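To keep things clear, I will list the structure first and then write my remarks on it.
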Amino acid sequence: MKLNIWTLLFQIINFVVLLFILRRILYKPIREIIEKRRGIVAKTVEDAEKTKKEALELKEKQQEELKKFKEVQDRLLGQTREEALKERNKLLSEAKEDAVKIIEKEKALFDAEKKRIETELKTKCLEITSIFASNLLKDISDKELHMAVVRRFLKENEIMVSDVSKMKETAEALNIDLVTAYPFSMDDEKVVRGTLEARIAKKIKINTTIDETLIAGVRVKVGDTIYDASLAGRINAIALKLKETS
């Protein structure tokens with residue numbers, strides 16, 4: 001096969017022309033497209049990096065906010081626990097004070113009731129003792145015992161004598177109401193009047209009545225003052241004194 005130089009040269013020229021045409025028509029647009037695509041990719045990568053950075057910053061900010069929120073939450077929980085503890089202690093203290101007041105009140109009521117019952121029991125015991133003593137003395141009382149009590153009264157009536165001596169009596173005789181457990185005979189009444197007149201240094205007028213509940217002895221009334229020299233009066237006086245001192 002014989003190689004034609006002109007044909008080869010012509011083909012080479014055609015190829016160069018084709019390359020020039022392709023370069024002018026295709027290479028530049030394709031290169032621009034590639035460059036543009038590369039710019040888009042770079043920008044996309046840059047945006048992605050920026051977005052990633054912003055996301056990291058947002059995450060860090062959120063974590064910081066969460067940390068602050070947790071700190072605030074812990075502080076509020078601590079304050080709430082502290083306030084709850086204070087309130088609990090306050091309620092316990094108030095409950096304790098109320099309990100103490102209730103106990104003291106109940107104790108005071110109990111002591112008052114106890115004292116009342118004890119007083120009632122003592123009063124009842126004194127009443128029973130007085131009744132027993134009165135009945136016992138009634139059983140053994142007689143005219144002789146009665147007169148012995150009267151004679152003792154006539155001998156030891158300094159208080160009545162002192163009181164009567166201070167009285168300003170305008171009448172000729174001093175009126176005396178005399179209550180006796182046993183009837184006085186004429187001689188007994190004379191003895192009583194004579195003894196009283198001698199001690200009082202005044203004339204007296206005796207109004208006599210009988211009261212068997214006196215057991216023995218007499219009760220004398222001069223003006224508004226009563227002088228009790230009876231066994232019943234002595235028993236009542238002893239019971240009253242025991243009641244006051246108990």
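Restricting attention to the stretch 203-216, which residues are under 57 Å from the mean Cα position of the chain (by Cα) and either within 18 Å of residue 156 (Cβ to Cβ) or at pLDDT below 85 (or both)?
Matches in the stretch 203-216: 214, 216.
Consider residue 140 carefully, then state whether it is β-branched (Val, Ile, Thr), under 30 Å from residue 193 (Cβ atoms) and in contact (Cβ under 8 Å) with a residue 24 or more places away in the chain.
On the way: β-branched (Val, Ile, Thr): yes; under 30 Å from residue 193 (Cβ atoms): yes; in contact (Cβ under 8 Å) with a residue 24 or more places away in the chain: no.
It is false that residue 140 is β-branched (Val, Ile, Thr), under 30 Å from residue 193 (Cβ atoms) and in contact (Cβ under 8 Å) with a residue 24 or more places away in the chain.
Cβ contacts < 7 Å: first residue charged (D, E, K, R), restricted to the stretch 154-175; second residue assigned to a loop (DSSP other than H, G, I, E, B) and at pLDDT 75 or above, any location; separation 6+ or different chain. Result?
Listed pairs, sorted by first residue: 169/202; 172/203.
Would you please name the residue that is nearest to residue 166 (Cα to Cα), looking only at residues in the stretch 179-202 that are at pLDDT 85 or above and touching an Asp or Glu at 6+ places or on another chain (Cβ under 9 Å)?
Here the residue is 179.
Among 119, 80, 44, which is assigned to a helix (DSSP H, G or I) and under 30 Å from residue 242 (Cβ atoms)?
Criteria check complete, one pass: 119.
Kindly list the number of the only condition in (1) more than 57 Å from the chain's Cα centre (by Cα); (2) part of a helix (DSSP H, G or I); (3) within 27 Å of residue 224 (Cβ to Cβ) that fails for residue 130.
Of everything listed in (1) more than 57 Å from the chain's Cα centre (by Cα); (2) part of a helix (DSSP H, G or I); (3) within 27 Å of residue 224 (Cβ to Cβ), residue 130 misses just condition (1).
Would you mind finding the one in 111, 187, 163 that is in a helix (DSSP H, G or I), of a type outside the set (A, V, I, L, M, F, W, C) and surrounded by fewer than 10 Cβ atoms within 10 Å (Cβ to Cβ)?
187
For the stretch 188-246, name all the residues that are of a type in the set (D, E, K, R) and closer than 13 Å to residue 137 by Cβ. If you could, list the steps in order and put the result at the bottom.
The first filter runs over the stretch 188-246 and keeps only residues of a type in the set (D, E, K, R), leaving 188-190, 193, 197, 199, 202-203, 205, 211-212, 219, 221, 224, 228, 234, 241, 243-244.
If the condition is that a residue be of a type in the set (D, E, K, R) and closer than 13 Å to residue 137 by Cβ, then 212, 234 are the ones that fit.
With 201, 148, 173 as the choices, which residue is on the phi > 0 side of the Ramachandran plot and surrounded by fewer than 17 Cβ atoms within 10 Å (Cβ to Cβ)?
Details: 148 fails: on the phi > 0 side of the Ramachandran plot; 173 fails: on the phi > 0 side of the Ramachandran plot.
Answer to the check: 201.
The values are calculated or read from the model by the stated rules, or taken from the named source; none is laboratory data. Treat the numbers as computed from the prediction; the structure is a model and nothing was measured. Here the Cβ is made from the backbone with ideal geometry for all residues, glycine too, and neighbour counts use every protein chain on show.
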